[in-house]
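This report concerns only the one structure given below.
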């Protein structure tokens, strides 16, 4: 059974972050066998899409030589509708909740945002995240 830690950092995103990578953190430091859970809460009228990204752990955010690449995640709720828990790599939009399995690397989100505000809540989950 999975253990859930208290809500971690809360991120508030605006159109000024369009094109940026929001660094969530390293999955392996405290969470070698679990996942990072992310909740996406867009404000009214927000237009935003996020791509889940990964790269080698413990690299400075200023280091541009280690590339960020798309990584898969588990769908939990997409666009406010319960999902099938499948592992996918599609972009995330709307009111959604996903689990990013521990991959031993850093997790980030590529931000594509035109208008509004989106709040993202993060949380570590340890133990099995497979139904």
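The values are calculated or read from the model by the stated rules, or taken from the named source; none is laboratory data. From a predicted model like this one, the values you see are computed outputs, not experimental measurements. Note that we place each Cβ from the backbone using ideal geometry, even for glycine, and neighbour counts take in every protein chain shown.
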Filter segment 89-131 down to residues that are out of contact with any strand residue (DSSP E or B) (no Cβ under 7 Å at 6 or more places or on another chain) and in contact (Cβ under 8 Å) with a residue 24 or more places away in the chain, then give me how many there are. 3
Selection from segment 98-120 of residues within 13 Å of the chain's Cα centre (by Cα), surrounded by fewer than 21 Cβ atoms within 10 Å (Cβ to Cβ) and modelled with pLDDT of 95 or more yields 110, 119
Pairs where the first residue, in segment 5-16, is on the phi < 0 side of the Ramachandran plot and loosely packed, with under 14 Cβ neighbours inside 10 Å and the second is assigned to a loop (DSSP other than H, G, I, E, B) and at pLDDT 95 or above, C-beta under 7 Å, 6+ apart: 12/117
List the residue pairs whose Cβ atoms are under 7 Å apart, where the first residue sits in segment 66-88 and is at positive phi and in contact (Cβ under 8 Å) with a residue 40 or more places away in the chain, the second is part of a strand (DSSP E or B) and surrounded by 11 or more Cβ atoms within 10 Å (Cβ to Cβ), and the two are 6 or more positions apart or on different chains. 85/74; 85/75; 85/76
Take segment 94-113 and flag every residue that is in a loop (DSSP other than H, G, I, E, B) and over 12 Å from residue 68 (Cβ atoms). 94, 95, 102, 103, 104
Could you tell me which numbered condition residue 92 fails, if it satisfies all but one of (1) over 22 Å from residue 125 (Cα atoms); (2) surrounded by 14 or more Cβ atoms within 10 Å (Cβ to Cβ); (3) modelled with pLDDT of 80 or more? (1)
